[in-house]
Amino acid sequence: MNRNADPASPDALSLNESARDELTRRGGEPDSASSPGVALSEEAWRARLPPERYEVLRREGTERPFSSPLYEEHRAGRFLCAGCGEELFTSRMKYDSGTGWPSFFEVPAGRLETRVDRKLFMPRTEYHCARCGGHQGHVFDDPGSPSGKRYCNNGLALRFVPDGEPGR
Ligand SMILES: [Zn+2]
């Protein structure tokens, strides 16, 4: 009954810590965020996505401002999640924010989930695709937005489908 002498304890502890780190890297939420839709292992996501899209969608990376062709995309159409194909925005929800990232003033009900991101000094509200958990961007107050809110989106996290072209 000498618990201090259990040789398995250090290994068990380090395994638990690495599992917890894994959850943290995935955005701090267990699988519940993506359970209703697409839930793939990180290895499967890495195999499925180009590296630059993987970095944004699965690692919460941020693309360089003015780097996305979708920033200047003004055609009518739909913006799909680059991770799972879910329709997240339409061109009617987009506006020119001047920030260098595709920006939307409105979001469809139920397609996006938010979470407080404390990676920077100022806490920000992160949002991601409700279906696959893929990181999209951050939401800010913006007096220049028609709604007062700016959904500042990474173009790499989206695919644009112009009206009249088949989706997916
Ligand atoms: Zn998705």
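The values are calculated or read from the model by the stated rules, or taken from the named source; none is laboratory data. This one's a predicted model, so the numbers in the text were calculated from it and none came from an experiment. Every residue, glycine as well, gets a Cβ built from its backbone with ideal geometry; the counts of neighbours run over all protein chains shown.
Residue-wise test of (1) in a loop (DSSP other than H, G, I, E, B); (2) of a type outside the set (Lys, Arg); (3) more than 17 Å from residue 49 (Cβ to Cβ); (4) at pLDDT 95 or above.
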{"position": "143", "(1), (2), (3), (4)": "yes, yes, yes, yes"}
{"position": "146", "(1), (2), (3), (4)": "yes, yes, yes, yes"}
{"position": "152", "(1), (2), (3), (4)": "no, yes, yes, yes"}
{"position": "165", "(1), (2), (3), (4)": "yes, yes, yes, no"}
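Give the residues of region 91-110 that are surrounded by fewer than 16 Cβ atoms within 10 Å (Cβ to Cβ) and in contact with a Lys or Arg (Cβ under 9 Å, 6 or more places away or on another chain), sorted by residue number.
99, 100, 106, listed by residue number.
Within the set of pairs 6+ apart or on separate chains, which have a first residue in region 73-85 that is closer than 16 Å to residue 165 by Cβ, a second that is near the ligand (Cβ under 8 Å from one of its atoms) and assigned to a loop (DSSP other than H, G, I, E, B), and C-beta atoms under 7 Å apart?
80/86
Do we have residue 161 as within 16 Å of the ligand (Cβ to nearest atom) and part of a loop (DSSP other than H, G, I, E, B) here?
The answer is no for residue 161.
Restricting attention to region 110-128, does a residue exist that is hydrophobic (A, V, I, L, M, F, W, C) and within 12 Å of residue 158 (Cα to Cα)?
No.
Please go through region 70-84 and pick out each residue that is within 12 Å of the ligand (Cβ to nearest atom) and either touching a Leu at 6+ places or on another chain (Cβ under 8 Å) or not in a loop (DSSP other than H, G, I, E, B) (or both).
Scanning region 70-84 gives 79, 80, 81, 82, 83.
Against the conditions (1) within 16 Å of the ligand (Cβ to nearest atom); (2) in a loop (DSSP other than H, G, I, E, B), where does residue 62 fall short? Just the number, please.
(1)
Go over the candidates 67, 41 one by one and state the one that is polar (S, T, N, Q) and surrounded by 11 or more Cβ atoms within 10 Å (Cβ to Cβ).
Result of the check over 67, 41: 67.
When the residues of region 132-158 are narrowed to those that are more than 23 Å from residue 69 (Cβ to Cβ) and out of contact with any strand residue (DSSP E or B) (no Cβ under 7 Å at 6 or more places or on another chain), which ends up farthest from the ligand (Cβ to nearest atom)?
Checking each candidate, the answer is 143.
Hey, among 87, 113, which residue is of a type in the set (Asp, Glu), modelled with pLDDT of 95 or more, within 16 Å of the ligand (Cβ to nearest atom) and under 13 Å from the mean Cα position of the chain (by Cα)?
113
Considering (1) outside any strand (DSSP E or B); (2) touching a residue at least 60 places away in the same chain (Cβ under 8 Å), say which one residue 92 fails and leave the rest.
It is condition (2) that residue 92 fails.
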